[in-house]
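As structure tokens, the structure follows; a few thoughts come after it.
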Amino acid sequence: MTQHIGELNPPNRLMLTPGPSSMDPRVYRALASPLVGHLDPWFKGCMDDTQVLLRQIFQTENRLTMPLSASGSGGIEASVVNSLEEGDEAIICVNGVFSDRMAVIASHTAAKLTKVEAPYGKPVDAEDVRRAGKGRKIKIVGLAQGETSSGVLTQIEPFRKVADELGALLVVDTVASLAAVPLHVDRERVDICFSGTQKAISAPPGMSPITVSPRAEEAFRNRKTKVQSWYFDLTTAMNYWGKERLYHHTPPVSLIYALREAMRIVVEEGLEARWERHRVNQLALIAGIEAMGLELLVKRPADRLPTVTAMMIPDGIDDAKVRNQLLDEFNIEIAGGLGPLKSKIWRIGLMGHCSQKPYVLLFLAALEKTLLDQGFRVPSGAGVGAAIHSYAHAHSEAATVSR
Ligand SMILES: Cc1ncc(COP(=O)(O)O)c(C=O)c1O
């Protein structure tokens, strides 16, 4: 049984997917730094830095702010199982696969669940949540700020209002939006907010930053029953991420190094500049897609999530053939649709490090070539031309504003 396994040599892809995104070389260097123990006094300082940076990115003073040792789904799980127990009621806004995952996880608890739904491609209407919760005691209202399966952005404010009327905690999934879309956890009074490291922060996958308001912490303290998960019980996990720094589990030390460096890059750029960069690059991408005669799934511009653009696959074009050609010929990865949108849309991610002008122009040129090869006629150079025009317009706007 001697089988030779060669040295690891992954391809260097441009990941224009809805996560993970490509990473800055500084993040790779941090990842390769010498390992230390998770209770090493030096590492405790590194943990402090990580929490300081997380609070800046979430725009919060919340004490309970840390990266969970889990992917984004772990963030959903922790938010839901810490806040819900028998006798509670939850309303979850569902407009895609990931917001539905929050509902599925809530259905694993003993709480009563109500789903308030919207078709994929649209945000849920806060008025429907108000109607569903009327006269009932609701413990949490949950939603995804960025629904990655359809590229839809949900405005938080109307849901905060409704949650206040219902006396509920507001739980917001920012896995696909943190560090790319405006978010002020304290100002918008989000009670539990979680994200993922592999999207607009552009760190490796595997951690889920989470922050919890003092009000939600109090709700956790007032629980009558134990949290159903030991690993995700946030009060005991905070023994490690709190002042005591007591062992809870062994965290992924190297991923924390990488997250720290990726967040230093976010903060150096500045959140507002980063939000604007994501907005401008998506506008150019959309201008290019539309100029090629292709359609978007999300019709209302205000509902479009700047990190994920969902475009309809033209009739007669094979989803997988196009994605495979982009990968083989241009080294570009994009994603297909999930659930009911499988084979109906492509999802282009412009997240964090990947939200850059050269990548937008390269992608549009590569898509034109690929579509032509697959038999879909595209006006020559129209996509790239429209994107260039969009950038020129955005820059002259910015120049006017800064004068
Ligand atoms: C909005 C949203 N929530 C949750 C998740 C789940 O995250 P993960 O795949 O890291 O577990 C994703 C993943 O794409 C997502 O986009």
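Coordinate-derived values only; no laboratory data. The shown structure was predicted, so the numbers you read here are calculated from the model rather than taken from an experiment. Every residue, glycine among them, receives a Cβ derived from its backbone with ideal geometry; neighbour counts consider all protein chains shown.
Listing for the model above:
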| quantity | calculated |
| --- | --- |
| Span from the segment 58-104 Cα centroid across to the segment 138-195 one, whole angstrom | 10 |
| Aspartates and glutamates with Cα under 20 Å of LYS369, excluding same-chain neighbours fewer than 8 positions away | GLU290, GLU295, ASP315, ASP318, ASP319, ASP328, GLU329, GLU333 |
| Two-site label geometry, ARG300 and TYR247: point separation in nm, points 7 Å out along Cα→Cβ | 5.3 |
| Long pairs among LYS321/LYS342; LYS112/LYS137; LYS112/LYS344, criterion Cα-Cα beyond 22 Å | LYS112/LYS344 |
| Aspartates and glutamates whose Cα lies under 18 Å from that of LYS44, excluding same-chain neighbours fewer than 8 positions away | GLU244, GLU261 |
| Backbone HN-Hα couplings from phi across segment 199-208 [Karplus 6.51/-1.76/1.60, Hz, Gly and Pro as x] | 10, 6, 7, 6, 10, x, x, x, 10, 10 |
| Interchain or long-range residues, amide H under 5 Å from GLY336's placed H | ARG347 |
| Relative packing of peptides 380-393, 353-366 - highest average C-beta neighbours within 10 Å first | 353-366, 380-393 |
| Highest to lowest packing among 268-274, 7-13, scored as the average C-beta count within 10 Å | 268-274, 7-13 |
| Residues with amide H under 5 Å from that of VAL152, placed H, sequence gap 5 or more | GLU147, LEU305 |
| Loop sites in segment 44-119: GluC sites (Glu not before Pro), DSSP, at most 16 other Cβ within 10 Å | GLU61, GLU86 |
| The chain: angle of helix 319-330 to the longest principal axis, Cα-based, in degrees nearest 10 | 80 |
| Ranked packing of 121-133, 174-186, most packed first, by mean Cβ within 10 Å | 174-186, 121-133 |
| Length-normalised contact order for segment 178-312 - Cα pairs under 8 Å, 6+ apart - percent | 24 |
| DSSP bridge pairs, the chain: antiparallel proportion in percent, nearest 5 | 50 |
| Long-range amide H partners of VAL116 with built H, under 5 Å | ILE92, CYS93, VAL94 |
| Principal-axis tilt of helix 271-291 within the chain, Cα atoms, nearest 10 degrees | 40 |
| Inter-site label distance for LEU327 and GLU117 at 7 Å from Cα along Cβ, in nm | 3.1 |
| Label-to-label distance, nm, for residues given as GLU397 and THR225 (7 Å Cα→Cβ offset) | 5.1 |
| Relative contact order of the chain, pairs being alpha-carbon contacts under 8 Å that are 6 or more residues apart, as % | 22 |
